[in-house]
Every structure is written in structure tokens, then in C-alpha cells.
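First comes the structure, then the notes that go with it.
The values are calculated or read from the model by the stated rules, or taken from the named source; none is laboratory data. Please read these numbers as outputs of a predicted model, since none were measured by experiment. In this analysis, Cβ positions are derived from the backbone assuming ideal geometry, glycine residues included, and neighbour counts consider all displayed protein chains. The protein model used for the area step is the full one, side chains on, heavy atoms only, and it has no ligands, DNA or RNA in it. Shrake-Rupley method; radii C 1.70, N 1.55, O 1.52, S 1.80 Å.
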Amino acid sequence: QVQLAESGGGLVQAGGSLRLSCAASGRTLLAYAVGWFRQAPGKEREFVAGIRWGSANTNYADSVKGRFTISRDNAKNTVYLQMNSLKPEDTAVYYCAAAINLSNPAYWGQGTQVTVSS
């Protein structure tokens, strides 16, 4: 039983930055991974970045490597996605997810819209 709530989306110009937050409530396990997926209009949902809560090991999609950084704040039970050098192709609804293995997410947040203008 994990509830996730995303925030921080908005409209930015290309080259700008945004920081998304995912606040977790309920029971959590150190073995869980928490990450971000996104879905652009007319496209399927894709993996963006993930972090293992216990080890803080991270994984990124090739399309965002070097631009996005995922991190966690233990005291706030929150995961962040710092997005820099944003491109119009980053425009999507971003979803927070949690699972033992993010290849099969067990929990989802409601999503937050990120729009990057040209």
C-alpha cells in the first residue's frame, strides 16, 4: 500500500529547467525502486529514470542521460527529478511509479504535465 503524488510540472522554454517531486505515503520497503515514466501525446508510456531507495543506485533512459537527475530525500519520503536543458520532445505527462522492479510498476501517481516550448 503505497500512494504517490507528483507535483512541479509546468510550462518552460527550451533550455530551461524544472524539478518534479514525488511524495510517497503509506508503507515503503527499502527494496523498492521509485522512478519516473512519461507519456507524450499519441505515444506509449516510456521509462525516464529510476532510483533504488536503499542503495540510491540510479538508471536513466538514453534520451535524458546528462540532462536529468533523479534523487531522494529520506526525511521527506520524496523523490525528485531535476530536469535541465529541456527540449520540446520532453513534453509529456510525467508519472511517478514504485515497485520492487520498475519493469512492472505496482503503484502510480496521478501525473503532472510538463510542456516545453520551442
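Rounded, prolate or oblate: which one fits the chain, using the alpha carbon gyration tensor with axes a ≥ b ≥ c (rounded when a/c is under 1.5, else prolate when a/b beats b/c, else oblate)?
Prolate, because a/c is 1.5 or more and a/b exceeds b/c.
Which one of Asn101, Val64, Phe37 is farthest out on the positive end of the charge dipole of the stretch 35-118, using unit charges on Cβ (Lys, Arg +1; Asp, Glu -1) and the Cα centre as origin?
The residue sitting most towards the positive pole is Asn101.
Rounded to the nearest percent, how much of the accessible area of the chain (1.4 Å probe, protein heavy atoms only) is carbon and sulfur?
C and S fraction of accessible area: 47 percent.
What's the longest piece of the chain with no exposed trypsin sites (Lys or Arg not before Pro), counting a site as exposed if DSSP puts it in a loop and it has at most 12 other beta carbons within 10 Å?
With a cap of 12 other Cβ atoms within 10 Å, the longest stretch comes to 77-118.
For the stretch 33-100, with every protein chain kept in place, what is the accessible area per residue (1.4 Å probe, Å²)? It would help to have the intermediate numbers written out before the result.
Values: 3260 Å² over 68 residues.
Spelled out: the 1.4 Å probe surface of the stretch 33-100, per residue, equals 48 Å².
Taking only C-alpha pairs under 8 Å that are 6+ residues apart, what is the relative contact order of the stretch 1-99 in percent?
Relative contact order of the stretch 1-99: 35 percent.
Rounded to the nearest 0.05, what FRET efficiency is calculated for Asn104 and Ser17 with R0 set to 22 Å and r the Cβ-Cβ distance?
That pair, Asn104 with Ser17, gives E of 0.10.
Under unit Cβ charges (Lys, Arg +1; Asp, Glu -1), what dipole magnitude, rounded to 20 debye, does the chain have relative to its Cα centre? Please report the intermediate quantities before stating the final value.
Details: 11 positive and 7 negative charges, 42 e Å.
Rounded to the nearest 20 debye, it is 200 debye.
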